[in-house]
Amino acid sequence: MAASSTADDVKLLGGWPSPFSNRIQIALNLKSIPYDFIEETFTPKSHLLLKSNPVHKQIPVLFHHDKPICESIVILQYIDEVWTKGQSLLPSDSYDRAIARFWAAYIDDKWFPSLRQLTIFAQGEDAISAALKQIVEATAVVEGAFADCSKGKAYFGGDKIGYLDLVFGCFLGWLRLAEKVVGVDLLTETKTPGLVGWVERFSSNDAVKSVIQEPEKLMETLEFLKAMFNASTT
Amino acid sequence: MGEVKVFGVRRSPYSCRVEIALKLKGIKYDFIEEDLSNKSPLLLKYNPVHKKIPVLVHNENPIAESLVILEYIEETWKGTPILPEDPYQRAMARFWSKFIDEKCMPALLKAAVKERENKKAIEEAAELLKILENELEGKKFFGGDNIGLVDIVADFIGYWLGLIQHVTGLELLTKEKFPNLCEWSHEFLSSSIVKESFPPSDHLLEYIRSWLSANPSK
C-alpha cells in the first residue's frame, strides 16, 4: 500500500474577509500546500463549523486527513511542524522563536483588539479619540518589534516571510480600511518607516496578493459587524 | 544549562507554571520575588512591554508571557517532555492551553474573586469547566499518563480555586458536578514537583483571606 504524502487531503474552513483565515491561506500558499477552501456560511453557522469547533464555533479550522485543528496560532505551528520541507515559518533559533511567539501574542491580544475597538466598538467622538490613541501607540510598539525581529532585513522573519509577517500581515486589509474610515494614516514614513517598507514587500508577494482584501471589499463586512454589535447592545 | 533566573511572585499561578516546568526538566534557577506594588528596575528592563511577571532570563536573554516561556523551556532543555511528539497532539495541547488562558482564567477570576456574588458569572465559569471536565474523560492528566503543558497551565484550577472556595464558600468546582476535574486536581497535587512549586496552603489561604477583605466583591 502506497504511503499517503502528508501534503494530501488538506481543507480549510474559512472566510475571505477574515484576517485569521487569511493568515492560514497565506501560510498554505507559502508552503505550496494544495488545499480545498470551504467558505463558511456564517448566518447561520454551518454544521461543519459547529461540529469541528464546538468550543469556539469560529473559523479558521484546518482539516488534515479530516482531523480538525482550530485557532490560527495553533494551526500555523501545526503547519510548520508537519510540512518541514522548504521554508520554515518560525525562526530556527529557540530564543528567536520565543520572541516571535511573544510578539504574536501582543499583536493578537493588544494590537488587533485596539483596531477592532476603533472600527467597530467605539462610538462617539471621545471613545473614537481614545481608541485612536491606543491603536497609534500599539502600532508604534509593533514598529519597534519589526526593528528588533528583522535586524535590518526585509521581513519580521529576516530574509524571508515568516511567522510574525503572517501574524501581522493578515490584518493589512482591515488596517487600510480603518485608515479610510477614520481618516488617519496609521502607517507613515515618519512614525513607522520600517513597517511602511515592509508592507510594500509583503503585499507584493504572490502568496499574499490573492488573499489580502482591498479595503473597499471589506466595507460591507465592517458595516455588518457594526450592525451586529449595535443590535447586541441595544 | 547557562544562567537561569525567574522573576516572579510565588503566590501567582502564572509564575508557578514556569517553576513547575523548570523543575520537571531538572533545571536549576534563581528565583527573584517581585513586589508588584514596587516593580524592580530589572523587571521593567526585561519586560518593558507588559511590565509583568513571570519573566524567564536565560543567559541574560529575557522571555515574557508564561505560555511563551513554557514553549521555550520545552525546546531548550531535553528531559521530561511537556509537549507530546505527535504534531496533532501538540496542536491539541496548545489549543487547550489557549482555551484555559483566554477563556477559563478570566471567567474563573470573575466568578471566584472579582464578582463573587454574581450568579451569572458562576454559571458561565461552570460551563467552561464542563468543557475541561469532558476533555479529561478517561485520562489521568490532560497530558495523558503524565503531567504536560495543559496540566501546568491549569494550575489555578488545580490548586488556587479550591483554596479560594474554602475561604469564600463558593461551590463551583465540586466533586458532584466535576468528578474528573477533582480527581485530576488530586493527582496533580500528588506530584512532589508540583507541590514544591506552589506556596504552602496556609500561606496562600492567609493571602487569599486578606486580599478578599481588602477587595469587596463588585
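The values are calculated or read from the model by the stated rules, or taken from the named source; none is laboratory data. Being a predicted model, the structure only gives us computed values, none of them experimental. FYI the Cβ positions are ideal-geometry reconstructions off the backbone, even for glycines, and counts take in every protein chain you see.
Observations, loosely collected:
- If you go through the range A:212-234 and keep only what is among the hydrophobic types (A, V, I, L, M, F, W, C), surrounded by 10 or more Cβ atoms within 10 Å (Cβ to Cβ) and over 30 Å from A:Leu28 (Cβ atoms), you end up with A:Ala227, A:Phe229.
- For the range A:73-105, taking the residues that are in contact with a helix residue (DSSP H, G or I) (Cβ under 7 Å, 6 or more places away or on another chain) and among the aromatic types (Phe, Trp, Tyr), the one that is farthest from B:Pro48 (Cα to Cα) is identified as A:Tyr78.
- Search result, residues across the range A:63-74 that are part of a helix (DSSP H, G or I), buried (at least 22 other Cβ atoms within 10 Å of the Cβ) and at the interface with chain B (Cβ under 10 Å from one of its Cβ atoms): none
- Residue within the range A:14-23 that is of a type in the set (Lys, Arg), within 18 Å of the chain's Cα centre (by Cα) and within 16 Å of A:Ile161 (Cα to Cα) present: yes
- Being in a helix (DSSP H, G or I), over 28 Å from A:Ile38 (Cβ atoms) and among the small types (Gly, Ala, Ser) is a property that does not hold for A:Ser92.
- Only one entry in B:Ala107, B:Ala111, B:Ala121, B:Ala125 is in contact (Cβ under 8 Å) with a residue 60 or more places away in the chain, more than 14 Å from B:Gly158 (Cα to Cα), assigned to a helix (DSSP H, G or I) and in contact with a helix residue (DSSP H, G or I) (Cβ under 6 Å, 6 or more places away or on another chain), namely B:Ala111.
- Residue that is farthest from B:Asp151 (Cα to Cα) [pool: residues in the range B:182-210 that are outside any helix (DSSP H, G or I) and either small (Gly, Ala, Ser) or free of Cβ contacts under 8 Å to residues at least 12 places away in the same chain (or both)]: B:Pro200
- Scanning the range B:40-70 for residues that are touching a Ser or Thr at 6+ places or on another chain (Cβ under 9 Å), at the interface with chain A (Cβ under 10 Å from one of its Cβ atoms) and not aliphatic (A, V, I, L, M) returns a single hit, B:His58.
- In the set (1) at the interface with chain B (Cβ under 9 Å from one of its Cβ atoms); (2) more than 17 Å from the chain's Cα centre (by Cα), A:Asp109 fails one condition alone, (2).
- Whenever a residue of the range A:75-93 is facing chain B (nearest Cβ under 7 Å), its partners that are among the aromatic types (Phe, Trp, Tyr) and surrounded by fewer than 17 Cβ atoms within 10 Å (Cβ to Cβ), lying with C-beta atoms within less than 9 angstrom and at least six residues away or across chains, give the pairs A:Tyr78/B:Tyr88; A:Val82/B:Tyr88.
- Candidates B:Ile73, B:Ile63 - the one that is assigned to a strand (DSSP E or B) and not small (Gly, Ala, Ser): B:Ile63
- Taking the criterion of being surrounded by fewer than 14 Cβ atoms within 10 Å (Cβ to Cβ), among the small types (Gly, Ala, Ser) and under 18 Å from B:Cys16 (Cβ atoms), the only residue of the range B:26-78 that qualifies is B:Gly26.
- Annotation: A:Gln123 fulfils all but one of (1) surrounded by fewer than 18 Cβ atoms within 10 Å (Cβ to Cβ); (2) farther than 19 Å from A:Val182 by Cβ; (3) more than 10 Å from chain B (Cβ to nearest Cβ); (4) not small (Gly, Ala, Ser); the unmet one is (2).
- Looking across the range B:85-109, not a single residue is more than 11 Å from chain A (Cβ to nearest Cβ) and more than 16 Å from the chain's Cα centre (by Cα).
- Given (1) closer than 26 Å to A:Lys226 by Cβ; (2) at pLDDT 95 or above; (3) not aliphatic (A, V, I, L, M), index of the condition A:Phe121 fails: (2)
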